[in-house]
Amino acid sequence: MSDEVSVLIVDDSALMRNLIGRMINDTPGLVVAEKAMNGRFALEKIPRINPDIIVLDIEMPEMNGIEFLKERKQRGIKIPVVILSSIARRGAEITMEALSLGASDFIQKPSGSESEDIYVVKETLVGMLLGYGNAYRKTMGKKVLSPSEYKVKPAQAPRSVDLLAHFNLAGTPTSPATPPTQLRKPAKTEIIAIGISTGGPDALRVVFAQIDADLKVPIVVVQHMPPGFTNEFAKSLDRICPLDVKEAEEGDAIQPGRILIAQGNKHLEVEKKALNAVVHLSDSPQVSGHRPSADVLFASVAMNYQNHALGVIMTGMGRDGAQHLGTIFKEGGMTLGQDEQSAVVYGMPRVAYELGHVMEQVSLNNMARRICDVAKTPR
């Protein structure tokens, strides 16, 4: 039995099955377990191949992705699922339905083997498969490979080290650096800013379902997500959250009991005025490899709210948000980071922790409670 993360690819397109298969086979730590052309064949294969993760198309003959997820739930299958989604509006609605049925995450389908987005798709998909797949392997008592044990494919040898560093899968965290000196003492929390990426859809569902209904502090969120999906994502969160959740629009008021989710491909910044506070959207260049960027949000929050802010950095690849979570810290704000055990990809929170920018590491299941406790504590 392979110690690599084994992937079942389910898609009715032979082109897409082969394209995704090549991405997986080119990546150390991943292996294709099997391929299936619809949900019915996938269900037949699962008991035999016992994959660690499933890549699932939505639109397929005989049994589509939604029908598969319903049957998966009924059969008690816990194997995580990443959805291959189309960009159309209807695709966004169905993708959110898939998440509500237990899919872990989604990625936009690449438009073809020669498309410009293919490398971005590969990087994101590989991160999801390694993150969710290894998390599942841990729960099943299976071995999780360390980077030194990955069988590096010759064609990928120069790239493999870069990938591991990017996903922050390597080794155990180093001790945090000396925390920055705070310019002032923390004061009453007036805003909560959250930065999150891979693993975010699942994690935010957990946090916002558990958040206190009487929390009076507004929340602004950067979740790395493609344009066209954040409106439906906000609606799906609003259905399970006691507070109001909406996709941020230019000039939206920052107010108690409201959660604003950054739009896909738009930076989100805050502006605090004498009588009110609002958000602004921006098309300025990517920061830390992203738009929206958690670093942009955190810097804006630190500048406008100083020691009246709470910054939270959660699961995600790379380092977005790690630097300017430190700016919130320096200005006298409070900071929390998701812990390694509960993060699908311990990348962003790891970098922030190692920089000394995280005051306290918190598990996903305790995150809503800690956010509310910190926000409600008089200072």
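The values are calculated or read from the model by the stated rules, or taken from the named source; none is laboratory data. For clarity, every value in this text was computed on a predicted model and none was experimentally measured. Cβ atoms come from the backbone with ideal geometry, glycine included; neighbour counts cover every protein chain shown.
How many residues are more than 22 Å from Pro61 (Cα to Cα) and modelled with pLDDT of 95 or more if we restrict to the range 6-23?
1
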Inset, instruction - Return a yes/no flag: does the range 62-78 have any residue that is at pLDDT 95 or above, among the charged types (D, E, K, R) and more than 26 Å from the chain's Cα centre (by Cα). - result: yes
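Results for (1) more than 24 Å from Leu56 (Cβ to Cβ); (2) assigned to a strand (DSSP E or B); (3) outside the structural domain of Ile107 (by TED's automatic domain parsing); (4) modelled with pLDDT under 95, shown as yes or no for each residue.
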residue	(1), (2), (3), (4)
Leu130	no, no, no, yes
Val144	no, no, no, yes
Lys151	yes, no, no, yes
Gln156	yes, no, no, yes
Leu163	no, no, no, yes
Pro173	yes, no, yes, yes
Pro186	yes, no, yes, yes
Ala203	no, no, yes, no
Inset, instruction - Tell me, please, whether a residue that is touching an Asp or Glu at 6+ places or on another chain (Cβ under 7 Å) and in a loop (DSSP other than H, G, I, E, B) can be found in the range 31-42. - result: yes
Inset, instruction - Considering only the range 285-376, give the helices (runs of 4 or more DSSP H) lying wholly within it that have at least 3 residues that are surrounded by 22 or more Cβ atoms within 10 Å (Cβ to Cβ) and at pLDDT 95 or above. - result: 294-305, 322-330, 348-354
Inset, instruction - Mind listing whichever residues of the range 205-224 are more than 26 Å from Arg379 (Cα to Cα), in contact with a helix residue (DSSP H, G or I) (Cβ under 6 Å, 6 or more places away or on another chain) and part of a helix (DSSP H, G or I)? - result: Val206
Inset, instruction - Give the residue that is nearest to Arg370 (Cα to Cα), with candidates limited to residues of the range 225-246 that are modelled with pLDDT under 95 and part of a loop (DSSP other than H, G, I, E, B). - result: Met225
Inset, instruction - Provide a single number: the residues in the range 43-72 that are outside any loop (DSSP other than H, G, I, E, B) and farther than 22 Å from Lys142 by Cα. - result: 10
Inset, instruction - Only residues that are assigned to a loop (DSSP other than H, G, I, E, B) and farther than 24 Å from Thr124 by Cα: list them for the range 249-284, please. - result: Glu249, Glu250, Gly251, Asp252, Ile254, Gln255, Pro256, Gly257, Lys273, Ala274, Leu275, Asn276
